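Below is one structure; the comments refer to it alone.
The values are calculated or read from the model by the stated rules, or taken from the named source; none is laboratory data. All values reported here derive from a predicted model rather than from experimental measurement. Neighbour counts run over all protein chains shown; Cβ positions are idealised from the backbone, glycine included.
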Amino acid sequence: MPFPYYQRLTKTQKRIYDESDRIVSVELYRPGTHREHVLALATALEGGVRPPTERAAQALADGLTEALGVPALRVRVQQRRPSWQTGELHGLYEADAKGRYKISLWMRTAQRVQVVKFKTFLRTLLHELCHHLDYQRFRLKDSFHTEGFYRRESSLLRQLYPPELEKPAGAKTPRRPRSRLRPPAADV
């Protein structure tokens with residue numbers, strides 16, 4: 001069932017939306033080959049420092065784009081998420097006229113400036129990668145947020161998320177003491 005904004009689309013856009021909606025998964029050949037990069041990203045993000053997180057995200061993106069046969073893209077990890085009245089920006093996919101592709105990700109929440117949870121960060125990276133796949137692999141003329149799009153994102157997450165990072169059912173996450181200190185404004 002299409003999302004409500006479907007009714008506002010043109011006939012051409014509806015065809016693209018419908019085509020996107022029919023593609024429900026992205027299968028990785030041997031997803032375990034990306035495990036090292038996924039775990040490195042989890043470790044880097046947990047450390048809360050931008051440059052190693054960016055390097056780890058770039059290494060994972062490089063492996064995935066190569067495995068999926070699409071052009072490479074640049075991953076930029078920024079500190080604090082931009083926010084506005086409707087929420088926070090988690091990630092952004094951009095392409096320019098020269099055929100360069102970029103994903104921007106933010107590693108800290110806007111309000112509390114806390115490092116985001118790894119699963120959320122990984123899902124955001126995969127979400128933006130799915131926009132890239134829409135254009136480069138599936139040759140769609142636009143990349144809509146369809147049910148199929150979110151299923152593709154989830155299929156990648158299921159293949160890549162390490163089971164050892166899942167919390168056992170009923171387990172509570174220990175609360176961290178809140179710090180009054182803000183993270184450094186600039187990277188070292």
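Some observations on this one:
- Among the residues of region 41-58, those identified as surrounded by 14 or more Cβ atoms within 10 Å (Cβ to Cβ) and in a helix (DSSP H, G or I) are Leu41, Ala42, Ala44, Leu45, Arg50, Pro52, Thr53, Glu54, Arg55, Ala56, Ala57, Gln58.
- Residue in region 88-96 that is surrounded by 14 or more Cβ atoms within 10 Å (Cβ to Cβ), without any contact (Cβ under 8 Å) to a residue 24 or more places away in the chain, over 20 Å from Ser154 (Cβ atoms) and in contact with a Pro (Cβ under 6 Å, 6 or more places away or on another chain) present: yes
- Total residues in region 92-141, condition in contact with a helix residue (DSSP H, G or I) (Cβ under 9 Å, 6 or more places away or on another chain), of a type in the set (A, V, I, L, M, F, W, C), closer than 30 Å to Val49 by Cα and not in a helix (DSSP H, G or I): 8
- Flag for Arg112 being of a type outside the set (Phe, Trp, Tyr) and at pLDDT 95 or above: no
- The single condition among (1) under 18 Å from the mean Cα position of the chain (by Cα); (2) among the hydrophobic types (A, V, I, L, M, F, W, C); (3) modelled with pLDDT of 95 or more that Ile16 does not meet is (1).
- Scanning region 70-99 for residues that are among the charged types (D, E, K, R) and in contact with a strand residue (DSSP E or B) (Cβ under 7 Å, 6 or more places away or on another chain) returns Arg74, Arg76, Arg80, Arg81, Glu94.
- Residue match in region 79-90 (condition: within 28 Å of Pro31 (Cα to Cα), touching an Asp or Glu at 6+ places or on another chain (Cβ under 9 Å) and polar (S, T, N, Q)): no
- Among the candidates Val113, Val38, residue that is surrounded by fewer than 16 Cβ atoms within 10 Å (Cβ to Cβ) and either touching a residue at least 40 places away in the same chain (Cβ under 8 Å) or hydrophobic (A, V, I, L, M, F, W, C) (or both): Val113
- Cβ pairs under 6 Å, 6+ apart, first in region 44-55 and in contact (Cβ under 8 Å) with a residue 12 or more places away in the chain and of a type in the set (D, E, K, R), second exposed (fewer than 14 other Cβ atoms within 10 Å of the Cβ) and part of a helix (DSSP H, G or I): none
- No other residue among Phe149, Phe144 is more than 19 Å from Arg80 (Cα to Cα), in contact with a Ser or Thr (Cβ under 7 Å, 6 or more places away or on another chain) and outside any helix (DSSP H, G or I) apart from Phe144.
- The residues listed here are Arg30, Arg81; of these, the one that is crowded, with 18+ Cβ neighbours inside 10 Å and either touching a residue at least 40 places away in the same chain (Cβ under 8 Å) or not β-branched (Val, Ile, Thr) (or both) is Arg81.
- Selected residue (only one of Ala72, Ala61 is small (Gly, Ala, Ser) and surrounded by fewer than 19 Cβ atoms within 10 Å (Cβ to Cβ)): Ala72
- Output for region 97-110, where each listed residue is β-branched (Val, Ile, Thr) and without any contact (Cβ under 8 Å) to a residue 40 or more places away in the chain: Thr109
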